[in-house]
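J.: Below are the structure tokens for one structure; questions will follow.
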Amino acid sequence: MLTKGINFVNFKNKKNSILVKKNLISILKSKNEVLNSLSQNYKNNFTKKLLHKYKKKIDYRVIGMGGSSLGTQTIYDFLKHKIKKNFVFADNLQTAKIKEKKKYTNLIVSKSGNTIETVVNANILIKKKDKNIFITENKDSYLFSLAEKLKSDIIHHNNYIGGRYSVLSEVGMLPAELMGLKASNFRQLNNLIKNKKFINSLISNVSSTLYFIKKKKFNSVIINYDARSENLFNWYQQLIAESLGKKKKGLLPVVSNMPKDNHSTMQLYLDGFKNNFFTFFYVDEPNSEKIKNNTILSSQYYLKNKNLSQITLAQRKATENVFKKKNIPFRSFEIKKRDEKTLGELFCFFILETILIGQSMNLNPYDQPAVELIKVETKKLLIRNT
């Protein structure tokens, strides 16, 4: 048990946790603004007055890339059953080709204010009569200037919280509030650091991951059994890859959606190369759709009275049993309650995990120097062809 809402089974291997424990104590004692954003101490850069101004709006469009959008997409998909608002996402250049007839309130998100894809999509998608909220740093940039020109609301994006770590800051919490959710329900760090089971599981988990890296197992494969958590692991993929992929080190996070991938990549996972370790993820859905008994043939009698969640659970447990027999390393998350608190706990766990792995490998988990090279080179090519 990780928390009341999350059953967690950790990797089973020998590991040395002393270094990780020291690093965690050091991180929690430091003035870390990323961790502060996960706690109740964080002060939002938006007001109740702003929320009231937009609370009657129904249709929203988020224009942003990577961490500026993925956290919000995760919240929207994971908690859609609680949300009465409609959100769409322009998170790639291809989406700019879709011209919606609906009237949207646009949320334009970019820490730097100069992200080229966000600038392009904003240019194509924003209409003169649209209502717009810009979330960007309080500095001279293209999007800051555009926001002023359009007389839009501007929410300051704290410059010390990078995009992939920003989900519980204004970047994710302003949209969450507009969805009708409460930011305070997501920020669970204060409670989690007092939870010995959580802390011990985190330390053991990171120690195991460092052991796998030492054994040259560099592929972290997510075996995801919940369609509504796809974007959670797209967010996680960016978090791990961008934070740890430095100095010829890192992990390759691979998202594998089940049970679909039982019919494709599972053969490789079971009998292929052995430089993988795995994360199983399942959400209990007691009210999922049921099998229609009157159309089930006698040869498939065992499906009668089953719902989709029960069938998926059987598939997950069966796969875990086979992994055990083959000595394939895995950990397992089983979500008991789909709410803001549980999602906030998952965000906290994965962010702490990433920072701890980075520090234990002598990496800076907060920068992404190589990505900047592509941005500079792209700008050069566009200027050359002007």
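The values are calculated or read from the model by the stated rules, or taken from the named source; none is laboratory data. Quick caveat: nothing in here was measured; it's all calculated off a predicted structure. Backbone-built Cβ (ideal geometry, glycine too); neighbour counts: all protein chains shown.
J.: Can you give me the ranges of the helices (runs of 4 or more DSSP H) entirely in the stretch 98-210 with at least 1 residues that are surrounded by 15 or more Cβ atoms within 10 Å (Cβ to Cβ), touching a Leu at 6+ places or on another chain (Cβ under 7 Å) and touching a residue at least 12 places away in the same chain (Cβ under 8 Å)?
T.: The helices (runs of 4 or more DSSP H) meeting that bar are 116-125, 170-178, 183-186, 189-192.
J.: Can N287 be described as closer than 20 Å to D226 by Cα, assigned to a helix (DSSP H, G or I) and not aromatic (F, W, Y)?
T.: no
J.: Output the residues belonging to the stretch 313-345 that are hydrophobic (A, V, I, L, M, F, W, C) and in a strand (DSSP E or B).
T.: Of everything in the stretch 313-345, those that are hydrophobic (A, V, I, L, M, F, W, C) and in a strand (DSSP E or B) turn out to be F330, F333, I335.
Okay, residues lined up against (1) of a type outside the set (V, I, T); (2) at pLDDT 95 or above; (3) under 17 Å from the mean Cα position of the chain (by Cα); (4) in the same structural domain as V167 (by TED's automatic domain parsing):
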site	(1), (2), (3), (4)
Y301	yes, no, no, no
K304	yes, no, no, no
L308	yes, no, no, no
A314	yes, no, no, no
N321	yes, yes, no, no
I328	no, yes, no, no
D339	yes, yes, yes, no
G344	yes, yes, yes, no
F350	yes, yes, yes, no
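J.: Give the residues of the stretch 361-386 that are assigned to a loop (DSSP other than H, G, I, E, B), more than 16 Å from G67 (Cα to Cα) and within 22 Å of the chain's Cα centre (by Cα), sorted by residue number.
T.: Passing the criteria: L363, N364.
J.: Further question: Looking only at the stretch 1-24, which residues are small (G, A, S) and more than 20 Å from K217 (Cβ to Cβ)?
T.: Within the stretch 1-24, G5 is the sole residue that qualifies.
J.: Residue under question is I155, and the condition is that it be more than 26 Å from E334 (Cβ to Cβ), touching a helix residue (DSSP H, G or I) at 6+ places or on another chain (Cβ under 8 Å) and of a type outside the set (F, W, Y); does it hold?
T.: Here the answer is yes, as I155 does meet what is asked.
J.: Any idea how many residues of the stretch 11-25 are surrounded by 12 or more Cβ atoms within 10 Å (Cβ to Cβ) and within 15 Å of I357 (Cβ to Cβ)?
T.: Selection size over the stretch 11-25: 9.
J.: With respect to L373, is the statement that it is within 30 Å of N32 (Cα to Cα) and either in contact with a strand residue (DSSP E or B) (Cβ under 7 Å, 6 or more places away or on another chain) or surrounded by 12 or more Cβ atoms within 10 Å (Cβ to Cβ) (or both) true?
T.: Taking the combined requirement at face value, the residue does not satisfy it.
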